[in-house]
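Read the structure below first, then the notes.
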Ligand SMILES: Cc1cc2nc3c(=O)[nH]c(=O)nc-3n(C[C@H](O)[C@H](O)[C@H](O)COP(=O)(O)OP(=O)(O)OC[C@H]3O[C@@H](n4cnc5c(N)ncnc54)[C@H](O)[C@@H]3O)c2cc1C
C-alpha cells in the first residue's frame with residue numbers, strides 16, 4: 001500500500017528515514033517494521049514563528065518497496081544528421097537550449113569563449129592567488145557560464161511549475177541529487193555543479209552535437225535581414241540559426257550589437273554590496289534555538305523595503321558561503337557569492353542592492369545619457385572602476401555595517417570569506433548617494449524587522465553590480481529578434497531571465513522556437 005501524507009514536524013523528527021518511519025507509524029497506526037520506505041516529495045522549513053517546523057509531503061510504502069524511479073529520464077536521440085543550430089555561450093541558457101535542441105532532433109553546435117569547467121577552476125583560483133583576472137576565463141566566462149561556480153540555488157520566481165520541474169529533472173539526470181526535486185529551496189553547490197555540467201556536455205557530444213571551447217563569437221553572418229551563422233575570433237565560420245546566450249557580462253557582444261545597429265534597449269538592474277554576517281548569528285536570529293544546526297541547514301534570510309521610490313532588497317543569499325571576486329576584466333572589482341553543497345562555511349552573505357532604472361543614471365553620473373541603450377552598462381563600468389580605485393587590485397573596499405550606517409570609517413575589519421582580501425574604505429562616502437542613502441535606510445529597516453541583523457559584526461564588501469543584464473536584446477514573435485530572422489536572443493544576457501533556472505527555461509523555449517523556425 002502507498003500513502004501520501006502531509007506532515008508538520010519539529011526539526012529533530014524530520015532528520016532521517018528512521019525518524020520519519022516512527023512519525024508515519026504514529027500518524028497511520030501502521031507498525032514501523034511494515035513501513036518499507038519513505039520518500040520525501042516536498043520539503044520546506046517554516047521559521048516564521050519562534051518554534052521552527054519542517055513541512056513535509058511524503059509517500060510511505062507500506063508492505064511494499066518503491067518500484068517507480070524518482071524521475072523519468074529523457075531519451076536523447078542521435079542528431080548527428082540533424083539540422084545545425086549555433087548556440088553561443090555554454091551557460092545554463094546555452095546548455096539547456098542545446099539539450100532541448102537534441103530532444104527536438106536538431107544538432108547543436110555550442111561555441112564558448114571560455115575554457116572547460118575544470119580548466120576554468122584554475123583561472124578562478126588564480127584571481128585570489130595572483131590578483132589577476134583572465135578576461136576570457138573567470139567567474140562569468142567559461143563552461144557552465146556564470147552559474148558554474150555559484151551557490152547553485154535553483155529557486156526561481158518563475159510561475160511555470162512544469163518548466164521548473166523539467167529543468168530540475170534534467171539536472172538530476174546529469175548527476176544532481178534527486179533531493180532538489182523535493183526541496184522548496186533546492187541547492188546543488190559549487191563543489192557539485194561542475195560535474196553536472198561535464199555530464200551535460202558529454203550528453204551533447206554523445207548525441208552528435210559539438211562543443212567548441214576558447215572560441216569567441218565576434219560577429220554574425222548576415223544574409224539581408226537574416227542571421228545565418230557566426231564568425232569567431234579566429235575567423236572560423238559556423239552556419240545555422242543562432243541562439244545567442246552570452247550572459248550579462250559579455251560587454252563586447254552588447255557593444256557589437258550597438259555598433260551594428262541591432263535593436264537593443266537599456267534595462268534596469270540593482271546595485272549595492274555583498275553583506276556578510278557570521279552564519280552562527282543568522283542561525284540564532286532565524287532559528288531561535290542554540291541546537292538548531294544539529295537538525296537544520298544553515299539559515300537563510302530575505303529582506304525587502306522601499307526607499308525613495310526604489311526597492312532595496314537582499315539578493316542571492318548564500319548561507320554557509322563565500323564572497324567571490326566576479327570581475328571579468330581589468331580595472332574592475334565586482335563581488336558575488338557562492339556556497340558549497342554543505343553550506344558549511346562560517347559566513348552568510350547576500351547581495352544588498354538598490355533597484356536602478358535607466359532614467360536614474362544621469363542623476364548619478366551626469367556625463368552618461370539615459371538615451372543611450374548602453375547607459376546602464378556604462379554606469380556598471382564606472383562603479384566597478386571606482387570600486388577598483390578604492391580597493392587595491394582585487395582587494396575589495398569594505399566597511400562594517402553599523403559604521404556605514406553612521407558614516408564612519410571602520411578602524412578595523414572582521415575576518416571575512418573574500419580570499420583576495422579587504423581594505424577598510426568609506427563606502428558611505430564614495431558610493432553614489434543614490435545607492436548609499438537607500439542602502440542605509442534599508443539597513444535601518446531590516447535591523448528593526450530582525451533584531452541583531454544590523455550589527456558591526458557584519459561586513460559590507462563592494463560592489464555588487466552584475467545582478468542582471470544592463471541591456472535587453474529585443475525579441476519579437478516566436479522569440480526571434482524583432483528585426484533579424486534566425487537570431488534568438490536567449491537567457492540572462494538577452495534580458496529575459498535572471499538566475500540559473502529561468503535562464504535554463506528560456507534556453508529550452510528558444511530551442512523550441514528554432515524548431516518552429518525550421519518547420
Ligand atoms: C558567483 C555567482 C553566483 C551565482 N549564484 C547563483 C545562484 O545560486 N542561483 C542562481 O539562480 N543564479 C546564480 N547566479 C546567476 C546565474 O549564474 C546566471 O543567472 C546564469 O548563469 C545566467 O545564465 P545564462 O546562460 O543566461 O548566461 P551565463 O551563465 O552568463 O553564460 C553565458 C556564457 O556565454 C559565454 N560567452 C559570452 N560571450 C561570448 C562570445 N562572444 N562567444 C562565445 N561565448 C560567449 C560566456 O563565457 C558564458 O559561459 C550566480 C552568478 C554568479 C557570477
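The values are calculated or read from the model by the stated rules, or taken from the named source; none is laboratory data. Just so it is clear, the structure is predicted and the values come from calculations on it, not from any experiment. For neighbour counting, all protein chains shown are included, and Cβ atoms are generated from backbone atoms with ideal geometry for every residue, glycine included.
Laid out as a table, the results:
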quantity: Any hit, the range 420-429, residues being assigned to a strand (DSSP E or B) and either within 16 Å of the ligand (Cβ to nearest atom) or touching a helix residue (DSSP H, G or I) at 6+ places or on another chain (Cβ under 7 Å) (or both); calculated: no
quantity: Residue that is nearest to residue 475 (Cα to Cα), among those in the range 491-505 that are more than 7 Å from the ligand (Cβ to nearest atom) and in contact with a helix residue (DSSP H, G or I) (Cβ under 6 Å, 6 or more places away or on another chain); calculated: 496
quantity: Residue pairs meeting the criteria (Cβ under 8 Å; at least 6 apart or on separate chains; first free of Cβ contacts under 8 Å to residues at least 40 places away in the same chain, in the range 492-505; second outside any loop (DSSP other than H, G, I, E, B) and surrounded by fewer than 22 Cβ atoms within 10 Å (Cβ to Cβ)); calculated: 496/472; 496/475
quantity: Residue tally, condition within 16 Å of the ligand (Cβ to nearest atom) and either on the phi > 0 side of the Ramachandran plot or loosely packed, with under 14 Cβ neighbours inside 10 Å (or both), over the range 45-97; calculated: 1
quantity: Single residue of 250, 263, 280 found to be out of contact with any strand residue (DSSP E or B) (no Cβ under 8 Å at 6 or more places or on another chain) and over 20 Å from residue 465 (Cα atoms); calculated: 280
quantity: Residue within the range 266-282 that is more than 24 Å from the chain's Cα centre (by Cα), free of Cβ contacts under 8 Å to residues at least 40 places away in the same chain and away from the ligand (no atom under 14 Å from the Cβ) present; calculated: no
quantity: Filter result for the condition that a residue is under 30 Å from residue 419 (Cβ atoms), out of contact with any helix residue (DSSP H, G or I) (no Cβ under 8 Å at 6 or more places or on another chain) and not assigned by TED's automatic domain parsing to the domain that holds residue 316, over 250, 245, 259; calculated: 250
quantity: All positions within the range 165-186 that are in a helix (DSSP H, G or I) and under 16 Å from residue 72 (Cβ atoms); calculated: 165, 166, 167, 168, 169, 170, 171, 172, 173, 178, 180, 181
quantity: Total residues in the range 101-114, condition in contact with a helix residue (DSSP H, G or I) (Cβ under 6 Å, 6 or more places away or on another chain) and more than 13 Å from the ligand (Cβ to nearest atom); calculated: 3
quantity: Selection status of residue 442, away from the ligand (no atom under 16 Å from the Cβ), surrounded by 24 or more Cβ atoms within 10 Å (Cβ to Cβ) and farther than 24 Å from residue 153 by Cα; calculated: yes
quantity: Lone unmet requirement of (1) under 25 Å from the mean Cα position of the chain (by Cα); (2) farther than 30 Å from residue 420 by Cβ for residue 112; calculated: (2)
quantity: Count - residues of the range 328-368 that are within 16 Å of the ligand (Cβ to nearest atom) and buried (at least 16 other Cβ atoms within 10 Å of the Cβ); calculated: 21
quantity: Failed criterion for residue 384 (all others in (1) farther than 27 Å from residue 256 by Cα; (2) in contact (Cβ under 8 Å) with a residue 12 or more places away in the chain hold); calculated: (1)
quantity: Residue within the range 38-60 that is in a helix (DSSP H, G or I), over 30 Å from residue 218 (Cβ atoms) and under 34 Å from the mean Cα position of the chain (by Cα) present; calculated: no
quantity: Among residues of the range 135-153, those that are surrounded by 23 or more Cβ atoms within 10 Å (Cβ to Cβ) and assigned to a loop (DSSP other than H, G, I, E, B), counted; calculated: 12
quantity: Which listed residue, of 421, 447, 391, is at positive phi, surrounded by 16 or more Cβ atoms within 10 Å (Cβ to Cβ), assigned by TED's automatic domain parsing to the domain that holds residue 357 and over 23 Å from the mean Cα position of the chain (by Cα); calculated: 421
quantity: Residues of the range 473-490 classified as in contact (Cβ under 8 Å) with a residue 40 or more places away in the chain, away from the ligand (no atom under 13 Å from the Cβ) and in contact with a strand residue (DSSP E or B) (Cβ under 6 Å, 6 or more places away or on another chain), total; calculated: 5
quantity: Matching option when the condition is touching a helix residue (DSSP H, G or I) at 6+ places or on another chain (Cβ under 6 Å), away from the ligand (no atom under 13 Å from the Cβ) and in contact (Cβ under 8 Å) with a residue 40 or more places away in the chain, among 140, 128, 163; calculated: 163
quantity: Extreme residue, nearest to the ligand (Cβ to nearest atom), among residues of the range 236-252 that are surrounded by fewer than 22 Cβ atoms within 10 Å (Cβ to Cβ) and more than 19 Å from residue 84 (Cα to Cα); calculated: 252
quantity: Filter result (part of a helix (DSSP H, G or I) and either buried (at least 20 other Cβ atoms within 10 Å of the Cβ) or at pLDDT below 95 (or both)) within the range 265-283; calculated: 279, 282, 283
quantity: So residue 458, is it within 26 Å of residue 370 (Cα to Cα), outside the structural domain of residue 260 (by TED's automatic domain parsing) and more than 8 Å from the ligand (Cβ to nearest atom); calculated: no
